[in-house]
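The structure appears right after this line, and notes come after that.
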Amino acid sequence: MELTSRSSGAGVADRPARPERRRESAVSGLPALEPEWAREVRADPGLLATLAHGLQGPFHVLFPDQFAANLAAFRNALTTAGVAGQVYYGKKANKSGCWLPVCAVAGAGVDVASVPELVHALSRGVRGEDMVVTGAAKSDELLWLAARHGCLLAIDALDELARVVGLVRTATGSAPAPRLLLRVLPEVNPASRFGLTSQETDRALGVCARERLDLRGFSFHLNGYDPAPRAEMAYRLVGRCLEARRLGLAADSVDIGGGFACAYVSESDWTHFTENYRADWFHADKTFTHFYPYHQSPIGADMLSAILHDRHDRSESLSELLIRTRTRLLLEPGRALLDGAGFTVFPVQGYKERDGYGIVTVDGLSGSVSEQWKGSEYLPDPILWPASRARTSPVRACVGGASCMDYDMLTWRKVAFDRRPEAGDLLVYPNTAGYQMDKNETEFHQLRLPRRVVLTRHDRGFRWRLDDARQVHRTGEA
Ligand SMILES: *Cc1c(COP(=O)(O)O)cnc(C)c1O
């Protein structure tokens, strides 16, 4: 991936004083790091216009080939380290159906947390044995269905384990004994409501041994993106596996959850932004308490390798420990598998001037860019399409949604556009497949949710079809 830089240094040359210079150059943008396919789609003179015309409204563009490449990189990191294991796609990060056959074909799994997610994955070819069911206390229906299909169940609480024991006792042969993981509460994350404390884990182990449950190991899911605490937790949970094996349990796996980092923008642009931004860079002088870390390193499969090679002050790396103890490593990346695998397109409906900057209004709602919904901002620059219309002078503009809410803003920041956006243009939000697309979408104002378009390569261009994400549990409109 290469950086497409723009507008750095404009108007700087005639301002010698350093603080001034800093101010001026500080207003440069946050251009997204983009995969080649996304630029190819925008370079195609007809494709986006045809889709916008046909779909009449905002739409998400999905590219499963990128997901496949990301997945292959994760699986390759395991193979290269000589570690046995499985990658489960954290399905909540994007509900589209198009990723599921990619997992099935690659022999990867899916991490689900609800009956509809489980059914959707089954319907697109993912086998129950290739699923892990995570999440908080689960419904009886979900536990039963997971057992029926041979899914791995991550147990979150002692009473949930008791319900599984009840299920096994009353199943009378209609369901195989479920394969279990015990999800532990990380000590570095004590405020989390998920997982078993150390004492609860002791008790759960006792229950598993007494009831002869099929305990396969332990899991956790950490906030943050640091490899070190993940390696540390995995280390300790290998110890728990050995303890469980002494009790006669299989305990052959450690699941390190998700939370693999991505880089949306370059390091220099990110540093520049975080060191220089001010309230007046944003519409209505909006201030924020936090931003997602839009640049990180290491990312994706490289972060997995960093975890595997971590040895801190120990005599062996995590991968060496896993190999020596014949322990499998399971992981549940969501966002990182979707990195670069999709973008979102909003038709521009209008533009107005306000206090020296512009306000673009688009067909669509800020709920379709989830970060906006969390009192924060999705910061990679939206891209105006087509790039080639007759030029007006460059403008700075924020982007509002089509609703009657003043706070329905897709972008509060005054983004630089090299011409004035106008009705008929499209605004492309890059790299939105991981969480931005569907987490907080609404049909507010009775507006239809954005359609989902799946692109595949064909000849020297692309072919498209609609995704099936909404067909599982919603009938009526497709
Ligand atoms: C959300 C979640 C994931 C995926 O997290 P990412 O940050 O998208 O990688 C994996 N496992 C569990 C238990 C989760 O809750």
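The values are calculated or read from the model by the stated rules, or taken from the named source; none is laboratory data. This one's a predicted model, so the numbers in the text were calculated from it and none came from an experiment. Don't worry about glycine lacking a Cβ; one is built from the backbone with ideal geometry, like all the others, and counts go over all protein chains shown.
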Conditions (1) surrounded by fewer than 22 Cβ atoms within 10 Å (Cβ to Cβ); (2) within 16 Å of the ligand (Cβ to nearest atom); (3) closer than 17 Å to Lys138 by Cβ; number of the one not met by Gly258: (3)
Members of region 218-232 that are over 22 Å from the mean Cα position of the chain (by Cα) and closer than 20 Å to Ala136 by Cβ: Phe218
Within region 110-130, tally of residues that are surrounded by fewer than 24 Cβ atoms within 10 Å (Cβ to Cβ) and within 14 Å of the ligand (Cβ to nearest atom): 3
Residue ID - modelled with the highest pLDDT, chosen from residues in region 424-478 that are surrounded by fewer than 22 Cβ atoms within 10 Å (Cβ to Cβ) and within 16 Å of the ligand (Cβ to nearest atom): Tyr435
Some residue of region 224-247 being closer than 23 Å to Gly135 by Cβ, within 16 Å of the ligand (Cβ to nearest atom) and in a loop (DSSP other than H, G, I, E, B): yes
Hits in region 131-161 (condition: surrounded by fewer than 22 Cβ atoms within 10 Å (Cβ to Cβ) and either within 19 Å of Leu338 (Cα to Cα) or in contact with an Asp or Glu (Cβ under 6 Å, 6 or more places away or on another chain) (or both)): Ala136, Ala137, Gly150, Leu158
Any chance Cys404 is surrounded by 20 or more Cβ atoms within 10 Å (Cβ to Cβ) and farther than 23 Å from Ala93 by Cβ: no
Among (1) in contact with a Cys (Cβ under 9 Å, 6 or more places away or on another chain); (2) within 16 Å of the ligand (Cβ to nearest atom); (3) polar (S, T, N, Q), the one test that Thr325 misses: (2)
Strands (runs of 3 or more DSSP E) (entirely within region 62-142) containing at least 1 residues that are modelled with pLDDT of 95 or more, closer than 22 Å to Arg463 by Cα and of a type in the set (Ser, Thr, Tyr): none
All positions within region 208-222 that are within 9 Å of the ligand (Cβ to nearest atom) and in a loop (DSSP other than H, G, I, E, B): Phe220, His221
